[in-house]
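Reviewing the structure listed below.
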Amino acid sequence: MPGSLRRLLPNPAHRFLAVFALLLGLEVWLYPIATKRWFGAVDALTTATARIEHRVAGWIWADAALEGKQVWLGGFSVRIIEECTGIFEALIFAAAVLAYPTSLARRAIGIGLGVPLLYLFNLLRILVLLGVGRARPELFEFMHLYFWQATLILMITSVWLLWIFAVVRRDAPNAPPAA
Amino acid sequence: MRRTLRPLLEATALSLLLTALWLAWGQGAYESFFAEAARPMLRALGVDALPDSPARRRFVSFVPFLVLMLATPGLAWRRRLGGILLGIPLLFLGHVGLVAVEALSHGAHRPGSDSFSVLLPAALFADALPFALWALFAADVLAGLLRGGRGGRGGGAAPR
């Protein structure tokens, strides 16, 4: 961390926020370029997410079906789009991990474990939505809003805090005890 | 363990309650307020009509922000309330920006532009805004977490 930034922002939380915003800005700038260049990768991820969702739904319900990127459960279906892959969560989480003042190895552990964990949460979220959509369609709007926007940031914050307590503070010598 | 679980359970309960309130009352009230309050700003940005857009589904970002501000342990109540009072108008401005970006990316104001590549980054920023505002207003609590990341330099205390 350059000394000038430390002097300008003496509170470490403000320094974190400045670096986080900078990294997020960088991701926002690079993301459209990357998705245009490697559209196949994004498409493969959405297709894979739909297939995994169909496979897992098939273990629970007998009438799960797949039609392209649309997963059906009886007469109810969800279409897997780019936002359903957890890519936004992963980008925000990665910026938060990279902005945290710790070693490169701990940051790599954070991204290496946190992004798949967020993806698993995301698969679970879609699975719950599928089940709710079929069994209690009147609850679908609430659950969709709750599991999408309302808990998106809470999910990222929880995984980020888990990483801080389980990895960063556990390994750091002389670190204060974790909560 | 209990100290870790309690804020998590509080956050889950609060988010369920606030989402239910948002759908029952908040969304409709905020949409009406937004239509009136944001119109002059959107006009100034070149947006004449308020489209029924996906961006408006992100108006629910008040919920995670409020949950984070209310469920953070160890945050002084004065700071908590002050942060909420300042954060709400900032989220409103974020919503104005997102709606404007979406409307302009689809409209004739940016002929030939790729609306997808314009809207997605704006949506990413809008999604991250509650977290960024929480980090700003809960800076004192967060500072305790951030010290010690490099081997305890500074030796801050962990939040309760």
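Amide H contacts under 5 Å for residue A:66: A:72, restricted to partners 5 or more places along the chain or on a different chain, H placed in the peptide plane at 1.01 Å from N. When Rg and the Kirkwood radius Rh are both evaluated on Cα atoms of the protein assembly as shown, their ratio Rg/Rh stands at 0.97.
Starting from the Cα coordinates of region B:2-141, work out the convex hull volume and express it per residue in Å³.
113
Mind checking which of A:59, A:72, A:160 has the largest fluctuation in a GNM of chain A, springs on alpha carbons under 10 Å? So, out of A:59, A:72, A:160, the one fluctuating most is A:59. Normalised by the number of residues in region A:1-158, the mean separation of alpha-carbon contacts (under 8 Å, six or more apart) gives a relative contact order of 21 percent. Specify whether the C-alpha gyration tensor of region B:44-87 places it in the rounded, prolate or oblate class, a ≥ b ≥ c being the square roots of the eigenvalues: rounded for a/c under 1.5, otherwise prolate if a/b is larger than b/c and oblate if not. Verdict is oblate for region B:44-87.
The phi-based Karplus calculation (6.51 cos²θ - 1.76 cosθ + 1.60; θ = phi - 60°) puts the 3J(HN,Hα) values of region A:159-164 at 5, 5, 5, 4, 4, 4 Hz, whole numbers, x for Gly and Pro.
Coupling constants for region A:99-112 follow from the phi torsions by the Karplus curve (6.51 cos²θ - 1.76 cosθ + 1.60, θ = phi - 60°), and in residue order they are 7, 6, x, 8, 6, 4, 4, 5, 5, 5, 4, x, 6, x Hz; glycine and proline get x.
What's the extension gain from residue A:52 to residue A:111 if we count 0.36 nm per residue and subtract their Cα-Cα distance?
Working: separation 59, 0.36 × 59 = 21.24 nm, distance 2.17 nm.
Taking 0.36 nm per residue and subtracting the Cα distance, the gain is 19.1 nm.
Between amide H atoms placed 1.01 Å from N, distances below 5 Å from residue A:76 occur with no residue 5 or more places distant or on a separate chain.
Using the alpha carbons alone, the radius of gyration of region A:3-171 stands to its Kirkwood radius in an Rg to Rh ratio of 1.05.
Just so you know, all these numbers are worked out from the coordinates, no wet-lab data involved. Because the structure is a prediction, the values reported are computed rather than measured.
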